[in-house]
Amino acid sequence: MRLHWFLNRCKREPRSSKAMNEIDGVGVPDRWQRLWAPHRMAYLSGENRPLKGNDVDCPFCEIPKGDDETSLIIYRGELAYVVLNLYPYNPGHLLICTFRHVADLTEITSQERKEIFDLSTDAMKVLRKVSKPAGFNLGMNQGAISGAGVAEHIHQHVIPRWSGDANFMPLIGQTKVLPKLLSETRSELASAWRELPKSN
Ligand SMILES: [Zn+2]
């Protein structure tokens, strides 16, 4: 129904980009430039994920072995690190992962739990400073049935949200609008993170 409505709208007179954004639900542009990037299709087809019959090591154990720039790491804590999701739902979609290979929230130590939530808090501060999202989704999928892509290694999602970001784009193109290159986003967030005042 919504697709029909959109296609009909496209036949009408073009409007200014501001008016189109407001009316069509693309959302008011944030400061990151957007482009078409179907990153998530590779993810959905299972590439680089330790799925059954797929001879791939745990990516969240592998990521910290590389340097920050190529691994898209924003920040390394003592027990956990922050990395850009390679298959983001939105620009600046971050993952907080323990260094330890452990699956379940009930299996991690209280220090690891604390650090995951401290880093989630800092991630919100950094994203607010850099890209002014209107809100966030935070959470963990526990077990493959819940939608966890890498169920055997715990990770917390921090997803910035803007007005209209979940509307018609994914429905139309089966892709998602994304920002400038991930590497540029990484360096922008990493430098904003370095400027964060130390919290207790
Ligand atoms: Zn792991």
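Odds and ends about this structure:
- Residue check, residue 114 surrounded by fewer than 17 Cβ atoms within 10 Å (Cβ to Cβ), away from the ligand (no atom under 16 Å from the Cβ) and under 30 Å from residue 184 (Cβ atoms): no
- Look at (1) aliphatic (A, V, I, L, M); (2) touching a residue at least 40 places away in the same chain (Cβ under 8 Å); (3) not in a loop (DSSP other than H, G, I, E, B) and you find that residue 63 fails only one, number (2).
- Selection from region 88-108 of residues that are surrounded by fewer than 17 Cβ atoms within 10 Å (Cβ to Cβ) and either more than 16 Å from the ligand (Cβ to nearest atom) or on the phi > 0 side of the Ramachandran plot (or both): 106
- Positions within region 132-150 being away from the ligand (no atom under 16 Å from the Cβ) and at pLDDT below 90, in sequence order: 145, 146, 147
- Scope region 151-172; condition in contact with a strand residue (DSSP E or B) (Cβ under 9 Å, 6 or more places away or on another chain), assigned to a loop (DSSP other than H, G, I, E, B) and at pLDDT 90 or above; matching residues: 153, 154
- Test: residue in region 173-188 that is under 22 Å from residue 80 (Cα atoms), of a type in the set (Lys, Arg), touching a Leu at 6+ places or on another chain (Cβ under 9 Å) and at pLDDT below 95: yes
The values are calculated or read from the model by the stated rules, or taken from the named source; none is laboratory data. Every value quoted in this text rests on a predicted model; they were computed, and no experiment measured them. Reconstructed Cβ throughout: ideal geometry from the backbone, glycine too, with neighbour counts over all protein chains shown.
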